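Below is one structure, written out as structure tokens, with a few remarks after it.
The values are calculated or read from the model by the stated rules, or taken from the named source; none is laboratory data. The model shown is predicted, which means the values in this text are computed figures rather than measured ones. In this analysis, Cβ positions are derived from the backbone assuming ideal geometry, glycine residues included, and neighbour counts consider all displayed protein chains.
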Amino acid sequence: MTVVPHWISGTELPPAGRTAPVTDPATGAETARVGLADRAVADAAVKAATSAFAEWSETSLARRTTVLFRFRELLNERSDELAAIITAEHGKVLDDARGEVARGREVVEFACGMPHLLKGGFTENASTAVDVHSLRQPLGPVAIISPFNFPAMVPMWFFPIAIAAGNTVVLKPSEKVPSAALWLARLWQEAGLPDGVFNVVNGDKEAVDALLEHPDVAAVSFVGSTPVAAYVHETASRHGKRVQALGGAKNHMLVLPDADLDLAADQAVNAGFGSAGQRCMAISVVVAVGDVADPLVERIAERARGLRTGDGRRGCDMGPLVSAAARDRVASSIAAGAAAGARVVVDGREGSYDADGEGFFVGPTLLDGVEPGMSVYADEIFGPVLSVVRVASYEEGIALINANPYGNGTAIFTADGGAARRFCREVQVGMVGVNVPVPVPMAYYSFGGWKSSLFGDVHAHGTEGVHFFTRAKVVTTRWSEPSRRGLELGFPVNT
Ligand code: NAD
């Protein structure tokens, strides 16, 4: 049985001690074990990153970006290899895995522009014979802690920017999907990144805690569920680190009566069941305004019933859940919804799957008549379950969305530009789509939610990402001139 190692200073470190199973969710088979790092392994990775920082942060931007460009080319050439690894451990269908790699690669491309992004400002003669300029410098070793649902893209929201800006990285991927991170580490080496700049520590809470508390880790970028995001933000902040911690979601799609219903139904299905609903930007609640509800539910149901669920390598529309525990949790959420009075229009607990073995499947599920008091509405289900909440008006719909504790993504479907504009202004959510159900910002904008979907101030990638991984300095300069000599103990004033 393969044991997925750690990657420290450009070499594999075989795990000693605890391991956890890695499974193929489409078959249920255990395909490998992954090492779970203890504090000593986490320390070794931080030590490697700390010693590499001295040289990497002094390496010219020209040389750093040459490595980034090479990494981008290799990623482009070999993206199918990475997509296959993602499908084998996560379960999402291959096309979806390819899409994940492409969206991650866009951040690499953005980071290739680091010389431009790091340009500072310069003010000549701010005071007589005094010039001022600003610059941004890297922080040091940074930790990235990522969730299972995007084994490549979420780490790539952060590390291309961190590395291009001159930092060094310790990545702690989800122990459920560890192999993508190792593949990326080897690719960095091939691209010419010096050993120690990018390290991978596999593990669970023990490894995370070691990184959050380590005195030499300068910053932490975390993505995962809300309770762990809150814990990471609090713990790392207490240990003096810069932290951005992105949490869970419950994304609503508001459908107004004038919307194109076929488009809305297509997009609800794509955004609700893509990746089996295991996306932080998945739509999980359709808010149907007025008369739109009946025809919309009918259209979504028809499409959901036509989806083929099975092994992601077999051209299916939808793959499995990541684990048996996730499958059981989703099935019991559906049961709880039904028990609370929701109508199960399409039941994903029934049906057959195109796969061998005992995969972790739940088919597309549609619940109508869901209400805010129900657990199926309140909880982040993170599975292929679309809930329909019926409301009488736009006002009732937006009040529902704004009352939700999460604020990651949302969308409005309408043909009315004025209503869409009003929604964009009034909704308390970080990423908003107008007739776009999964409004993931491009790499040159920043990704992040509001409220319980993000702890910290700074979003991922884009210019906010560059700011997160650098700190600002302002230099005020006066070159000696005979006319400026003489004692003057008063507070300096501009002249
Ligand atoms: P998770 O919170 O269980 O795990 C995330 C990471 O934290 C993993 O690396 C895991 O090993 C580690 N971890 C887990 N429990 C821990 C603990 N008690 N202490 C310290 N570390 C711990 O999340 P997941 O199940 O891997 O991912 C799914 C969640 O991530 C969903 O809630 C989803 O919405 C969220 N997510 C959010 C975004 C976003 O951008 N906001 C993006 C992707 C996923």
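Being out of contact with any helix residue (DSSP H, G or I) (no Cβ under 9 Å at 6 or more places or on another chain) and either modelled with pLDDT of 95 or more or more than 22 Å from VAL370 (Cα to Cα) (or both) holds for only one residue in ALA411, ALA415, ALA460, ALA443, and it is ALA415.
As an exercise: evaluate ALA325 against (1) touching a residue at least 24 places away in the same chain (Cβ under 8 Å); (2) in a helix (DSSP H, G or I) and give the number of the one condition it does not meet. Answer for ALA325: the failing condition is (1).
Total residues in region 443-465 satisfying the condition of being within 16 Å of VAL154 (Cα to Cα) and more than 15 Å from the ligand (Cβ to nearest atom): the figure is 1.
Please verify whether region 246-253 includes one or more residues that are farther than 28 Å from LEU13 by Cα, more than 14 Å from the ligand (Cβ to nearest atom) and hydrophobic (A, V, I, L, M, F, W, C).
Here is the first cut: in region 246-253, the residues farther than 28 Å from LEU13 by Cα are 246-253.
From what is left, the residues that are more than 14 Å from the ligand (Cβ to nearest atom) are 252-253.
When the remaining residues are screened for being hydrophobic (A, V, I, L, M, F, W, C), the result is 253.
Within region 246-253 (the criterion being farther than 28 Å from LEU13 by Cα, more than 14 Å from the ligand (Cβ to nearest atom) and hydrophobic (A, V, I, L, M, F, W, C)), the answer is yes, since at least one residue qualifies.
Residue-wise test of (1) surrounded by fewer than 18 Cβ atoms within 10 Å (Cβ to Cβ); (2) in contact with a Phe, Trp or Tyr (Cβ under 8 Å, 6 or more places away or on another chain); (3) without any contact (Cβ under 8 Å) to a residue 12 or more places away in the chain; (4) of a type in the set (Ser, Thr, Tyr).
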{"residue": "ARG70", "(1), (2), (3), (4)": "yes, no, no, no"}
{"residue": "ALA83", "(1), (2), (3), (4)": "no, no, no, no"}
{"residue": "VAL101", "(1), (2), (3), (4)": "no, no, no, no"}
{"residue": "HIS116", "(1), (2), (3), (4)": "yes, no, yes, no"}
{"residue": "GLU124", "(1), (2), (3), (4)": "yes, no, yes, no"}
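Report yes if some residue within region 235-257 is surrounded by 18 or more Cβ atoms within 10 Å (Cβ to Cβ), farther than 25 Å from GLY140 by Cβ, of a type in the set (S, T, N, Q) and under 19 Å from the mean Cα position of the chain (by Cα); otherwise report no. So far as region 235-257 goes, yes, one or more of its residues are surrounded by 18 or more Cβ atoms within 10 Å (Cβ to Cβ), farther than 25 Å from GLY140 by Cβ, of a type in the set (S, T, N, Q) and under 19 Å from the mean Cα position of the chain (by Cα).
One residue is enough: does region 103-124 have a residue meeting the conditions polar (S, T, N, Q) and part of a loop (DSSP other than H, G, I, E, B)? Before you say what the answer is, go through the steps one by one.
Narrowing region 103-124 to residues polar (S, T, N, Q): 123.
Of the ones still in play, those that are also part of a loop (DSSP other than H, G, I, E, B) are none.
The answer is no, given that none of the residues of region 103-124 is polar (S, T, N, Q) and part of a loop (DSSP other than H, G, I, E, B).
Among the residues of region 25-43, those identified as out of contact with any Lys or Arg (no Cβ under 9 Å at 6 or more places or on another chain) and crowded, with 18+ Cβ neighbours inside 10 Å are THR27, GLY28, ALA32, VAL41.
Going residue by residue through region 378-388, is there one that turns out to be assigned to a helix (DSSP H, G or I) and either buried (at least 21 other Cβ atoms within 10 Å of the Cβ) or at pLDDT 95 or above (or both)? Outline the logic, then answer.
In the first step, residues of region 378-388 are kept if they are assigned to a helix (DSSP H, G or I); the result is 378.
Narrowing further to those that are either buried (at least 21 other Cβ atoms within 10 Å of the Cβ) or at pLDDT 95 or above (or both): 378.
Looking through region 378-388, at least one residue is assigned to a helix (DSSP H, G or I) and either buried (at least 21 other Cβ atoms within 10 Å of the Cβ) or at pLDDT 95 or above (or both).
I'm checking my understanding of the structure. Among residues of region 84-114 that are among the aliphatic types (A, V, I, L, M) and within 17 Å of the chain's Cα centre (by Cα), which one is nearest to PRO178 (Cα to Cα)? Spell out the reasoning first.
Residues of region 84-114 among the aliphatic types (A, V, I, L, M): 84-86, 88, 93-94, 97, 101-102, 107-108, 111, 114.
Imposing the further condition that a residue be within 17 Å of the chain's Cα centre (by Cα) reduces the set to 86, 97, 101-102, 107-108, 111.
Working: ILE86: 9, ALA97: 15, VAL101: 15, ALA102: 19, VAL107: 21, VAL108: 20, ALA111: 24 Å.
Among those residues, the one meeting the criterion is ILE86.
Can you tell me which residue among ARG349, ARG329 is within 16 Å of the ligand (Cβ to nearest atom) and within 18 Å of GLN278 (Cβ to Cβ)?
On the way: ARG349 fails: within 16 Å of the ligand (Cβ to nearest atom).
From the options ARG349, ARG329, the qualifying one is ARG329.
Total residues in region 276-316 satisfying the condition of being on the phi < 0 side of the Ramachandran plot, surrounded by fewer than 23 Cβ atoms within 10 Å (Cβ to Cβ) and part of a helix (DSSP H, G or I): the figure is 11.
Tell me yes or no: at least one residue of region 335-354 is in a helix (DSSP H, G or I) and under 18 Å from HIS90 (Cβ atoms). Looking for residues that are in a helix (DSSP H, G or I) and under 18 Å from HIS90 (Cβ atoms), one finds none in region 335-354, hence no.
For region 227-243, give me each residue that is more than 11 Å from the ligand (Cβ to nearest atom) and either of a type in the set (Ser, Thr, Tyr) or not in a loop (DSSP other than H, G, I, E, B) (or both).
Here is the first cut: in region 227-243, the residues more than 11 Å from the ligand (Cβ to nearest atom) are 233-234, 237-243.
Selection gives HIS233, GLU234, SER237, ARG238, ARG242, VAL243.
Filtering region 314-370 to residues that are more than 28 Å from the chain's Cα centre (by Cα) and among the acidic types (Asp, Glu) leaves ASP347, GLU350, ASP354, ASP356, GLU358, ASP368. Name the residue that is nearest to PHE455 (Cα to Cα), counting only residues in region 198-226 that are more than 7 Å from the ligand (Cβ to nearest atom) and in a helix (DSSP H, G or I). For region 198-226, the residue satisfying everything is LEU212.
Selection of region 174-197 for residues being within 15 Å of the ligand (Cβ to nearest atom) and farther than 19 Å from ILE161 by Cβ yields SER174, GLU175, LYS176, VAL177, PRO178, SER179, LEU182.
For region 362-377, filtered to residues that are in a loop (DSSP other than H, G, I, E, B) and touching a helix residue (DSSP H, G or I) at 6+ places or on another chain (Cβ under 7 Å), the residue that is nearest to VAL427 (Cα to Cα) is PRO372. List the number of the failed condition for ALA264; all other conditions in (1) part of a helix (DSSP H, G or I); (2) within 9 Å of the ligand (Cβ to nearest atom); (3) in contact (Cβ under 8 Å) with a residue 12 or more places away in the chain hold. Answer for ALA264: the failing condition is (2). Taking the residues in region 192-207 that are surrounded by 18 or more Cβ atoms within 10 Å (Cβ to Cβ) and in contact with a helix residue (DSSP H, G or I) (Cβ under 6 Å, 6 or more places away or on another chain) as candidates, determine which candidate is farthest from THR65 (Cα to Cα). Among them, the one singled out is ALA207. Note on region 442-465: residues that are farther than 17 Å from GLY104 by Cβ and in contact with a Leu (Cβ under 6 Å, 6 or more places away or on another chain) amount to 1.
Would you be able to say whether some residue in region 133-147 is closer than 30 Å to ASP317 by Cβ, of a type in the set (S, T, N, Q), within 16 Å of the chain's Cα centre (by Cα) and surrounded by 19 or more Cβ atoms within 10 Å (Cβ to Cβ)? Yes, some residue in region 133-147 is closer than 30 Å to ASP317 by Cβ, of a type in the set (S, T, N, Q), within 16 Å of the chain's Cα centre (by Cα) and surrounded by 19 or more Cβ atoms within 10 Å (Cβ to Cβ). Count of region 132-173 residues, restricted to those that are part of a helix (DSSP H, G or I), of a type in the set (Phe, Trp, Tyr) and within 9 Å of the ligand (Cβ to nearest atom), is 1. Among the residues of region 458-491, those that are touching a residue at least 40 places away in the same chain (Cβ under 8 Å) and part of a loop (DSSP other than H, G, I, E, B) comprise VAL458, HIS459, HIS461, PHE469, ARG478, TRP479, GLU481.
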